[in-house]
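Colleague: Here it is, the structure, as structure tokens.
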8 protein chains.
Amino acid sequence: MIPVGVVMGSDSDFLVMEETLNILVYFDILYEVKVSSAHRTLERTLNWVRQFEDQGGKLIIAAAGLAAHLPGVIAGATILPVIGVPMRGGALEGVDALYSIVQMPPGIPVATVGIGAARNAGILAAQILAQDDQSLRQRLKNHRMKMAAEIEAKDGVIQDKLKKKL
Amino acid sequence: MIPVGVVMGSDSDFLVMEETLNILVYFDILYEVKVSSAHRTLERTLNWVRQFEDQGGKLIIAAAGLAAHLPGVIAGATILPVIGVPMRGGALEGVDALYSIVQMPPGIPVATVGIGAARNAGILAAQILAQDDQSLRQRLKNHRMKMAAEIEAKDGVIQDKLKKKL
Amino acid sequence: MIPVGVVMGSDSDFLVMEETLNILVYFDILYEVKVSSAHRTLERTLNWVRQFEDQGGKLIIAAAGLAAHLPGVIAGATILPVIGVPMRGGALEGVDALYSIVQMPPGIPVATVGIGAARNAGILAAQILAQDDQSLRQRLKNHRMKMAAEIEAKDGVIQDKLKKKL
Amino acid sequence: MIPVGVVMGSDSDFLVMEETLNILVYFDILYEVKVSSAHRTLERTLNWVRQFEDQGGKLIIAAAGLAAHLPGVIAGATILPVIGVPMRGGALEGVDALYSIVQMPPGIPVATVGIGAARNAGILAAQILAQDDQSLRQRLKNHRMKMAAEIEAKDGVIQDKLKKKL
Amino acid sequence: MIPVGVVMGSDSDFLVMEETLNILVYFDILYEVKVSSAHRTLERTLNWVRQFEDQGGKLIIAAAGLAAHLPGVIAGATILPVIGVPMRGGALEGVDALYSIVQMPPGIPVATVGIGAARNAGILAAQILAQDDQSLRQRLKNHRMKMAAEIEAKDGVIQDKLKKKL
Amino acid sequence: MIPVGVVMGSDSDFLVMEETLNILVYFDILYEVKVSSAHRTLERTLNWVRQFEDQGGKLIIAAAGLAAHLPGVIAGATILPVIGVPMRGGALEGVDALYSIVQMPPGIPVATVGIGAARNAGILAAQILAQDDQSLRQRLKNHRMKMAAEIEAKDGVIQDKLKKKL
Amino acid sequence: MIPVGVVMGSDSDFLVMEETLNILVYFDILYEVKVSSAHRTLERTLNWVRQFEDQGGKLIIAAAGLAAHLPGVIAGATILPVIGVPMRGGALEGVDALYSIVQMPPGIPVATVGIGAARNAGILAAQILAQDDQSLRQRLKNHRMKMAAEIEAKDGVIQDKLKKKL
Amino acid sequence: MIPVGVVMGSDSDFLVMEETLNILVYFDILYEVKVSSAHRTLERTLNWVRQFEDQGGKLIIAAAGLAAHLPGVIAGATILPVIGVPMRGGALEGVDALYSIVQMPPGIPVATVGIGAARNAGILAAQILAQDDQSLRQRLKNHRMKMAAEIEAKDGVIQDKLKKKL
């Protein structure tokens, strides 16, 4: 059983969404990836969603830019939680995608992360899956500690740099 | 054969979209109305689109607010021209709907009119249908003359008002 | 064990957030409510978060307006999923709150719903909790069917209204 | 008879608008191009519009940036459908052009596509012209299938890439 | 000879633009008013502009909302200075009109005042006309002194109110 | 007597504002330039304004970016018409400067041109000065004809390019 | 010696700015109020600023709406800290004022608070003045505790309300 | 005793914030720097704030981008004045950070400077600290005179350049 499906409307999104895949790997979470469109291959997208849900998938991460209908359309086709990632780009730099993903009508939410925040989409997925998985919870806590340690290390670097200046 | 289909995601849009219906009636254009959602009743929406196209429908007007996926999703399911009407409302007053409808990805356009511009959606539909319909062309030309006359009449009212002031 | 914690920075948010509570009741999900601030009672907020997590809480819904730091600050203090609800209001009508909640830095995501979308926050919570709860999944599916039926009913009302017009 | 007129206010728009011409060629649709301004050569623009309409033209695609009055001014001078393309550029990156094109007053619609969406303008033109042209309808359907196949092919490439990673 | 022409696209703008007329009266400047549209009565608008210029008109104030093409179109048809007044209204509250009026292409400027700033349009007109009119210059200086005196008077009222509080 | 004063808050604005100077030279209009700030050298700015007005100056062009107070502050210190040029730059790309220049309070207008529209500022100045200067009016009309001819020439280039393609 | 000067460009701002005065009274901080404009009474404003600084004033709070130059102009005329309050209102609801106040050029900062945040301006003033005033520091700490207690009390009210519901 | 603490959420902010440090050095003001996060190392941040305040710190400058909670969270933890610097970057170019920092709720102000305005943050700090420090006041006045002289020098350069042109 693969718990996370990562869908994107265009293979050009892959470069950004690899950050999602990397963080899922980091947390030892299996995923499958699907390139499929809400407009050009809607039936195929819907079929994949149903199949993914039937095979025991737990949540879907959907990335889209511009009008960015993909996360919302998928959210309408499943009761699995859908995490939406607005892609940066175009004249509006992703504000269009953000509004289109987050402003869903009553009844069909999409859990939206920041513009281009592929990494956070993966971490949110891990947090959702960790509910009944003590080991994943521990990995998340370790990750938090690692991030904290990194900041402390960076602080150290800055302190050293400032001392040398004097 | 009914040439125009008017779809809206919520019956609350009907009050605004009645302006579309009124202008279609004014131009003697038959229409059918469908309340159906891109998220809550997607299959039903897609079925209606296919049926409408099969029965010789010529174009679809789709109104939606907030994330406003309806026009784009319909545009992906038909090669008929789709006119999108961003509905005013919510915290963003329809800017979200405008971006979500107009910023469609390459390949699947939506002919977008102004925020809440239900009347213009109907006129645009008439203009598209008038291509090979001399009578409708004439009605459109008459409507233009009527609008021009209205402005001239209003100008007259203002001129009178200003004269009285002196 | 209470799975959902609903936090708001001000009791004035309660009127909107009651929609969240109502939908949680609808799905038979237990919740507790906390009025606490990210700035004025930060320690108290953090203590509540830790206690809620220790007692087996599963996820937190946090609502905030204006600078809207509450969801992000809570997200930094727990590995539970945090759903953020940007409250409408102020001169920027909630765009400030949306940006402040959704644009979290790498590492600490907040699952953001639309501006004022209190009901969707509750549904998203249900979807997240339904992962290993077949009964809740069924209730979510029923809710979807109910929403679909409502739209069909509304479509019927419109069709009747249009027939009477003729 | 040439069905499509493509107007732009500046020859600097030509580079982007070539995408429109390419897609029209792809669909075997004849076009003529006119560089003319809504402000600097208004009479000439209006004369061209009248002539184009008199010679049996079917629709006009008008591209403009910044204040972007060209599509609207043309729309006021003809009852042919006018497709407006907001050009990206300037300090506002085309948001000014989008608003100026889409927010037309009641009575004179412009069928607006996305910022810089020259290709979609051509496809929308094809969809409008296909109303009574079975052959063009078929070409549009083939184009849809081609786009779907492209996405499936891209999906295949990604699947291969992911397998190699393992 | 009437130096100032005040044009508006709709008689609904008259209520706001009366502020312009009042300030012109205050400065003893003659004006004529024209209700005419950039789209619905373009020829009539252009004819009026030419006639106004031929009869020795000195400058034109043009008010418009939404896509707000009127000031720019007039500016293209005359070398008289054109003052543009973006009207508040619609979903975008006049931001669309502001962008559409101020962001004119190189070669054809419009002297833009604030959203709904009808009074300032009249004062700007007076300042432009005052170039070679010592009497009008004096009236403008007197108006400045009057405004300054009003602020000082208001300051006095506030000082009194504050003293009473103590 | 020098009719036009061109003020900028920083010498870094000079590169853009040279376009203004060039167009003034083109129209044979004398100007003087002043680098002076609304905040860092306010008294000096005000002194220059008074001196410029006393020596028979006719209008002032003021360029500023970011908070962009310079045009408004000058407008408050003179009854000469002030043309404001919002400079592009900073994180907001000149939207801040546009709002700050155009949204002047009742009583003190600034004639605002587009973001970075230095050339239009010069043309607007020429239009204002042309009121009682038949020769300048003629030069403005010639400039219009030249711009129109340029567009026709560009149209010719495009037509040639398209013919070669066939 | 009066430490705080509160300046506003219009007496219509007084209603909002009374919140500032009330919080200053609450913290036992003396203030004087000045209604004076950056454009209509600039000299008078500058004179007041110099006089206020000479008499030992410690900081200035300046409120302004629309183009909102007042805080920045005052900041340029003194080295006292200037707190800027963007007033809500007009078509842009205070976004113009916010940008105009906060986006000051390098060298002349304005300490900006939120749109309409008159109360926070007063608190910030108290925080700045408390540097060397142990008693005021204590009052600020008490105020913090009072705010915290208020939230806890509101939480209690909500808990009671929820219990009654059950 | 070190009067100024400069906090940033990421060491990548250091490059920009060095401008703050340089201006503090210029004014002979001691500072300490802390790299610490509002989300990843909240406790550490709060501990530092308390320690800084206990050791007699006078004010804190906090820089943050994106959701930018750091300045607000610190402001909630101390009664020292907090100067917030919204960092430019991300898809929204710092508008998110600006809103998140300036739109603080009633009771907890942050003294916000412009997007990326690191230098102004340092000058504002100096202005706040100068209250009871005649020497620092003098340095601030000298800095103002230096800035004025720089503008006059730049004006001279431009005047020379223009003369050579003739």
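Where a number appears in this text, it was derived from the coordinates with a stated rule and is not lab data. What you are looking at is a predicted structure, and each value in this text was computed from that prediction instead of being measured. Cβ placement follows ideal geometry from the backbone for every residue including glycine, while neighbour counts extend to all protein chains displayed.
Colleague: If you restrict to DSSP beta bridges whose two residues both lie in the protein assembly as shown, what percentage is antiparallel, to the nearest 5? Present the calculation step by step, with values, prior to reporting the outcome.
Modeller: On the way: 4 of 140 bridges.
Just about 5 percent of them are antiparallel.
Colleague: Report the charge-dipole magnitude of chain F in Debye, nearest 20, computed about the Cα centre from +1 at each Lys and Arg Cβ and -1 at each Asp and Glu Cβ.
Modeller: Values: 17 positive and 17 negative charges, 129 e Å.
In total the dipole reaches around 620 debye.
Colleague: Once phi is turned into θ = phi - 60°, what whole-Hz ³J(HN,Hα) does the Karplus curve with 6.51, -1.76 and 1.60 give for every residue of segment A:140-145, x standing for Gly and Pro?
Modeller: Result, rounded to whole Hz: 5, 5, 4, 4, 4, 5.
Colleague: How well do other chains shield peptide D:127-134, expressed as the mean number of their Cβ atoms within 10 Å of each residue Cβ?
Modeller: Numbers: counts 11, 9, 3, 4, 9, 4, 1, 0.
Counting other chains' Cβ atoms within 10 Å and averaging over D:127-134 gives 5.
Colleague: Got a sec to turn the phi values of segment E:65-73 into Karplus ³J(HN,Hα) couplings, 6.51 cos²θ - 1.76 cosθ + 1.60 with θ = phi - 60°, whole Hz, x for Gly and Pro?
Modeller: Result, rounded to whole Hz: x, 6, 5, 6, 7, 3, x, x, 5.
Colleague: Now, a different point. Tell me which residues come under 5 Å, amide H to amide H, from G:Gly116 once H is placed; ignore anything under 5 positions away on its chain.
Modeller: Distant-sequence amide H within range of G:Gly116: G:Met87, G:Arg88.
Colleague: Would you be so kind as to identify which of F:Trp48, F:Ile123, F:Leu15 lies farthest towards the positive end of the dipole of segment F:4-132, taking Lys and Arg as +1 and Asp and Glu as -1 on Cβ and the Cα centre as origin?
Modeller: F:Trp48
Colleague: Would you work out the charge dipole size for segment H:13-54 about its Cα centre, treating the Cβ of every Lys and Arg as +1 and the Cβ of every Asp and Glu as -1, and quote it to the nearest 20 debye? Mind dumping the intermediate values first?
Modeller: On the way: 4 positive and 8 negative charges, 51 e Å.
About 240 debye.
Colleague: Among B:Ile79, B:Ile101, B:Ile60, which one shows the biggest mean-square fluctuation in a GNM of chain B, springs joining Cα atoms closer than 10 Å?
Modeller: Highest fluctuation among the options: B:Ile79.
Colleague: For a bin width of 10 Å, list the pair-distance distribution of the protein assembly as shown built from all Cα-Cα distances, rounded to whole %.
Modeller: Using 10 Å bins, I get a P(r) of 2, 9, 17, 21, 20, 17, 11, 4, 0 for the protein assembly as shown.
Colleague: What residues qualify as long-range amide H neighbours of G:Val6, i.e. H under 5 Å apart, gap of 5 or more or another chain, H built at 1.01 Å from N?
Modeller: G:Glu32, G:Val33, G:Lys34, G:Ile61
Colleague: Still on this structure: Taking chain A as a Gaussian network, where each spring joins two C-alpha atoms under 10 Å apart, which residue of A:Arg119, A:Arg88, A:Arg137 fluctuates the most?
Modeller: Greatest mean-square fluctuation among the candidates belongs to A:Arg137.
Colleague: Is it possible to state the helix-based mean residue ellipticity at 222 nm for the protein assembly as shown, with each DSSP H run of 4+ residues giving -39500 (n - 2.57), the sum divided by total residues, to the nearest 500 deg cm²/dmol? What is it? If you can, show how the numbers build up before the last one.
Modeller: Values: 48 runs with 683 residues, N = 1328.
One gets -16500 deg cm²/dmol as the mean residue ellipticity at 222 nm.
Colleague: Using a Cα-Cα cut-off of under 19 Å, which aspartates and glutamates could be cross-linked to F:Lys58, ignoring same-chain neighbours fewer than 8 residues away?
Modeller: E:Asp132, E:Asp133, F:Asp28, F:Glu32, F:Asp132, F:Asp133
Colleague: Residues with amide H under 5 Å of D:Gly84's amide H, sequence separation 5 or more or different chain, H placed in the peptide plane at 1.01 Å from N; which?
Modeller: D:Ala62, D:Ala111, D:Thr112, D:Val113
Colleague: Pop out the ³J(HN,Hα) list for segment C:31-47 in order, Karplus 6.51 cos²θ - 1.76 cosθ + 1.60 with θ = phi - 60°, rounded to Hz; leave Gly and Pro as x.
Modeller: So the J values, rounded to whole Hz, are 8, 10, 10, 9, 9, 7, 10, 6, 10, 7, 9, 4, 4, 4, 4, 5, 4.
Colleague: Let me ask something else. Which one of H:Met145, H:Met87, H:Met104 has the biggest mean-square fluctuation once chain H is modelled by GNM with Cα springs under 10 Å?
Modeller: Among H:Met145, H:Met87, H:Met104, the largest GNM mean-square fluctuation belongs to H:Met145.
Colleague: How large is the charge dipole for the protein assembly as shown, taken about the Cα centre, if only the Cβ atoms of Lys, Arg (+1) and Asp, Glu (-1) carry charge, to the nearest 20 debye? Can you show the working numbers first?
Modeller: Working: 136 positive and 136 negative charges, 0 e Å.
Charge dipole, the protein assembly as shown, about its Cα centre: 0 debye, nearest 20.
Colleague: Less than 21 Å apart at the alpha-carbon level, and either on another chain or at least 8 residues along: which lysines does that give for G:Lys164?
Modeller: C:Lys34, G:Lys154
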